[in-house]
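Peer 1: To start, I am sharing the structure in question, which I have written as structure tokens.
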Amino acid sequence: EIAATLKAAGRKVTVVEAVDRLLGRAVAPIIARHVRQRLEATGVRILTGTTIARLEADNGRVAAVVTSSGERLPAQMVIVGIGVVPNVELAQAAGITIANGIRVDQQMRTSVPEILAIGDAATYRHWLTGGDVRLESVQNATDQARLAARTILGHADAFAAVPWFWSDIGDIKLQMVGLISGGDSHVLLGDVNENRFSIYHYAGNRLLGIESVNRPGDHMLGRKMLGAGFSPTPQTVATGPDGLKAALAAFQQVEPVRAAE
Ligand SMILES: Cc1cc2nc3c(=O)[nH]c(=O)nc-3n(C[C@H](O)[C@H](O)[C@H](O)COP(=O)(O)OP(=O)(O)OC[C@H]3O[C@@H](n4cnc5c(N)ncnc54)[C@H](O)[C@@H]3O)c2cc1C
């Protein structure tokens, strides 16, 4: 996001990434490749598989970045985006179970039932994938806050929110719904070359999530489908948004109770 914005403002921008592709924790390789191509087309230079050996200073200000390959990149500004580590010290000192964050159950209770945890610091088993996750997003934190309040009031609802995220990178409106880890196949709608497409990710025959580039309708429909517990077949996805809307409506006629939840 910052690379695209600074480039549009006329700056010379170099992205230095340690692993072999961009956005490794966040999106599928096909989306990462697309983001890279669009950024490079605007003149952003991207170095993958490269780390920063050191920063050089001049009169107390940063003057250059020296990469692991020995290249010296003169710089007026360095922006470091290398992730976060959850602050679990307080919970740990209280004897609460920690596992890549503060472990919580489906009601946001920690291993000490009177103590709840939510948000970036909380790890939980996700209903969608069956895997353990610690999500860092506003939507996750606020959905968990609402559920934690209900737990405190004595309700026993299980966390069932559909995760979604977004990012605007230059002319790419990237929207994600669901969780795509564990996916083994995908269906593509739209046209990558036109910068308008969606990737429907599957584990076997089950829809895990959708990544959309400049197709907000697919994203919104995806939120409705996953929220209703509806997993269209890859063949239905291939019929496009109209086919999917009809299939969702048919599913909701058969499963009215779940759809109304
Ligand atoms: C640069 C940046 C950009 C982001 N962009 C997006 C985005 O576009 N979309 C999105 O969905 N998410 C985004 N996020 C993530 C989002 O901000 C977090 O997921 C969200 O704020 C998590 O909420 P939280 O309540 O878990 O934690 P926080 O918002 O970090 O709140 C935790 C609070 O607890 C306080 N605290 C810590 N320890 C103690 C203590 N011992 N006693 C009392 N208070 C304490 C902290 O000071 C802090 O105020 C972004 C994050 C960053 C850093």
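Peer 1: Which angle from 0 to 90°, rounded to the nearest 10, does the C-alpha axis of helix 138-152 make with the longest principal axis of the chain?
Peer 2: So the inclination is approximately 40 degrees.
Peer 1: Further, regarding this structure: Nearest 20 debye, what's the magnitude of the dipole of the chain about its Cα centre given +1 on Lys and Arg Cβ and -1 on Asp and Glu Cβ?
Peer 2: For this selection, approximately 300 debye.
Peer 1: Same structure again: Shape call for the stretch 78-232 from the C-alpha gyration tensor, a ≥ b ≥ c root eigenvalues: rounded (a/c under 1.5), prolate (a/b greater than b/c) or oblate?
Peer 2: In terms of gyration-tensor shape, prolate.
Peer 1: Here's something else I'd like to know. Quick one: net charge of residue 48's neighbours, Cβ under 12 Å, K/R +1, D/E -1?
Peer 2: +1
Peer 1: With N residues in the chain, what two-decimal value do you get for its Cα radius of gyration over 2.2 N^0.38 Å?
Peer 2: Relative to the rule-of-thumb radius for its length, the chain sits at 1.18.
Peer 1: Using only Cα atoms, find the angle between the long axis of helix 29-41 and the longest principal axis of the chain, and express it within 0 to 90 degrees, rounded to the nearest 10.
Peer 2: Between the helix axis and the principal axis of the chain, the angle is about 40 degrees.
Peer 1: Taking θ = phi - 60°, what integer Hz values does the Karplus form 6.51 cos²θ - 1.76 cosθ + 1.60 yield along the stretch 179-190, in sequence order, with x for Gly and Pro?
Peer 2: 10, 9, 5, x, x, 10, 7, 8, 10, 10, 10, x
Peer 1: Okay, next question. Using only the alpha-carbon atoms of the stretch 46-94, report the extent along each of the three principal axes, biggest first, to the nearest angstrom.
Peer 2: If we take the Cα atoms of the stretch 46-94, the spans are 47, 30, 15 Å.
Peer 1: May I ask for the Rg/Rh ratio of the stretch 165-260, computed from Cα atoms with Rh as the Kirkwood radius, given to two decimals?
Peer 2: 0.97
Peer 1: Leaving ligands, DNA and RNA out of it, work out the accessible area of residue 191 with a 1.4 Å probe and give it in Å² to the nearest 10.
Peer 2: My reading of the accessible area for residue 191 is about 60 Å².
Peer 1: Relative contact order (percent) for the stretch 1-59, with alpha-carbon contacts under 8 angstrom and 6 or more residues of separation?
Peer 2: For the stretch 1-59, the relative contact order is 43 percent.
Peer 1: For residue 40, what accessible area in Å² do you get when you roll a 1.4 Å probe over the heavy atoms of the protein chains, rounding to the nearest 10?
Peer 2: Solvent-accessible area, nearest 10 Å²: 80 Å².
Peer 1: What ranking of 198, 231 comes out by heavy-atom accessible area, probe 1.4 Å, highest first?
Peer 2: My answer, sorted largest first, is 231, 198.
Peer 1: Let me ask you something else. Which whole-Hz ³J(HN,Hα) couplings does the stretch 230-244 yield from phi under the Karplus relation 6.51 cos²θ - 1.76 cosθ + 1.60, θ = phi - 60°, glycine and proline marked x?
Peer 2: 9, 10, x, 6, x, 5, 5, 4, 5, 7, x, x, 5, x, 5
Peer 1: To continue, here is another question. May I ask what percent, to the nearest 5, of DSSP beta bridges between residues of the chain are antiparallel?
Peer 2: 90
Peer 1: Still on this structure: Evaluate the stretch 104-181: find the radius of gyration of its Cα atoms, find its Kirkwood radius, and give the ratio Rg to Rh.
Peer 2: Taking Rh as the inverse mean 1/r over Cα pairs, Rg/Rh reads 1.03.
Peer 1: Ignoring ligands and nucleic acids, what accessible area does residue 97 show with a 1.4 Å probe (Å², nearest 10)?
Peer 2: Accessible surface of residue 97 is approximately 60 Å².
Peer 1: Here's something else I'd like to know. Can you tell me, using C-alpha contacts under 8 Å and at least 6 residues apart, the relative contact order of the chain as a whole percent?
Peer 2: Dividing the mean separation by the residue count of the chain yields 10 percent.
Peer 1: Grab the DSSP H runs of the chain that are 4 residues or longer, score each as -39,500 (n - 2.57), total them, divide by all residues and round the 222 nm result to the nearest 500 deg cm²/dmol.
Peer 2: Computed mean residue ellipticity for the chain: -8500 deg cm²/dmol.
Peer 1: Let me ask another. Under a 5 Å amide H to amide H cut-off, with H placed in plane at 1.01 Å, what residues pair with residue 102 once short-range neighbours are removed?
Peer 2: Hits under the 5 Å cutoff: 122, 123.
Peer 1: Restricting attention to the stretch 71-114, which trypsin sites (Lys or Arg not before Pro) occupy a DSSP loop and are surrounded by at most 12 other Cβ atoms within 10 Å?
Peer 2: none
Peer 1: OK, next. Each residue of the stretch 199-215 in order: what ³J(HN,Hα) in whole Hz does its phi give by Karplus 6.51 cos²θ - 1.76 cosθ + 1.60, θ = phi - 60°, with x for Gly and Pro?
Peer 2: With coefficients 6.51, -1.76 and 1.60, one gets 10, 9, 9, 10, 10, x, 9, 9, 6, 9, x, 9, 10, 10, 10, 6, 9 Hz.
Peer 1: Taking the Kirkwood radius as the inverse of the mean 1/r across Cα pairs, report the Rg/Rh of the stretch 2-74.
Peer 2: Taking Rh as the inverse mean 1/r over Cα pairs, Rg/Rh reads 1.01.
Peer 1: Arrange the residues 138, 19, 27 by how much accessible surface each exposes, largest first, with a 1.4 angstrom probe.
Peer 2: Heavy-atom accessible area, descending, gives 138, 19, 27.
The values are calculated or read from the model by the stated rules, or taken from the named source; none is laboratory data. These figures come from a predicted structure and were not determined experimentally. Please note: Cβ atoms are built from the backbone with ideal geometry, for glycine as well, and neighbour counts cover all protein chains shown. When the accessible area is computed, the model is the full protein with side chains, heavy atoms only, and any ligands, DNA or RNA have been set aside. Shrake-Rupley method; radii C 1.70, N 1.55, O 1.52, S 1.80 Å.
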